[in-house]
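Participant: If you scroll down you'll find the structure; I have some questions about it.
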């Protein structure tokens, strides 16, 4: 603006300046208007009566030639299998604004790929809106098992630059959400809710995911609040409230022969309440050779947690006597405090075949509660344990 004031001494230059400024303003208005183009699913076939399958309307706006926002307005919509797949023609970012409640078809056999809502091969997408995804899973949890994986509520797969925020997930049949084969993902302000007894209902699971940030969220479920699986790296989980559930987990690792290493994973400033585990790394027996390295658990608060700090390399080991080949190293447990219902709240139960190495315990203060009268640490097959600050319980001797 200062440059234009100097130019006003010349009428021609002043007019030029005004034209330029006007052009910029018009361009900004056009971009703003284009960015607000909304595709309300009720205008594309969605009935919103809670009975009609409105899944087909969910893709409205993907083929737009201008920036698009897919809107699920207030109300209740029943949707079976929802697939948002392929490169949308709408200029990025594609916005999905879920304001209402989406109820799943409660019949798990209606999901051909064991997924309820799938976003696949869609880059630069923003999903939010404050709405609810209710999978109505309670009626099918009794059928869950190792050989019968129930549908995942939300899967973000083979995509990049995703921003997922401000959504509520309720009662998934299987996992609540999965981030798979994807890069550059931000997840924030999520609320995930399922009862403690719901089986295999992990809150957020990662597999071959890179550069992921999960922040400012609340997860209570029947399995891991966060589970980080094969091939995942550069992961930050921060300001998370977890409970009930099985805690914050790296793993399980090594179940399948094609798994690859994980690393650069940080859990920071999280609170766990009434969970089975706190900070956990777990791997199977008879695993492929891979590594889990540079893992940090820091500034965690434990409230009545059974196993606040645990490395378990004998996960599901009864049928496989061969020790785990997952090499766990450079693991840091720092500034972890609170209460525990276990008399052994620090357990490093590592593989004899590939002992854990370079494990740091710093400023650990865990007090017994409930039936636990005292606390101690235990260790097997760990080398290079480093300690500092206050340690309650004292560091284990391997």
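Participant: Considering only region 278-291, I want to know if a residue exists there that is at pLDDT below 95 and within 14 Å of residue 249 (Cα to Cα).
Facilitator: No, that holds for no residue.
Participant: Then there is this: Of everything in region 106-117, what is in contact with a strand residue (DSSP E or B) (Cβ under 7 Å, 6 or more places away or on another chain) and surrounded by fewer than 20 Cβ atoms within 10 Å (Cβ to Cβ)? Give them in sequence order. Give the derivation first.
Facilitator: Initially, region 106-117 is screened for residues in contact with a strand residue (DSSP E or B) (Cβ under 7 Å, 6 or more places away or on another chain), giving 114-117.
Result: 114, single match.
Participant: For region 177-198, give me the residue count where each residue is over 18 Å from residue 231 (Cβ atoms) and either in a loop (DSSP other than H, G, I, E, B) or outside the structural domain of residue 230 (by TED's automatic domain parsing) (or both).
Facilitator: 7
Participant: While we're here: Based on this model, can you work out whether residue 51 counts as farther than 30 Å from residue 140 by Cα, surrounded by fewer than 19 Cβ atoms within 10 Å (Cβ to Cβ), over 24 Å from the mean Cα position of the chain (by Cα) and modelled with pLDDT of 90 or more?
Facilitator: Details: farther than 30 Å from residue 140 by Cα: no; surrounded by fewer than 19 Cβ atoms within 10 Å (Cβ to Cβ): yes; over 24 Å from the mean Cα position of the chain (by Cα): yes; modelled with pLDDT of 90 or more: yes.
Judged against the criteria, residue 51 is not a match.
Participant: Can I ask one more? Tell me, yes or no, whether region 350-368 has at least one residue that is out of contact with any strand residue (DSSP E or B) (no Cβ under 8 Å at 6 or more places or on another chain) and free of Cβ contacts under 8 Å to residues at least 12 places away in the same chain.
Facilitator: no
The values are calculated or read from the model by the stated rules, or taken from the named source; none is laboratory data. It should be emphasised that the depicted structure is a prediction, and the values quoted were computed from it without experimental measurement. Positions of Cβ are backbone-derived with ideal geometry, glycine not excepted, and every protein chain shown enters the neighbour counts.
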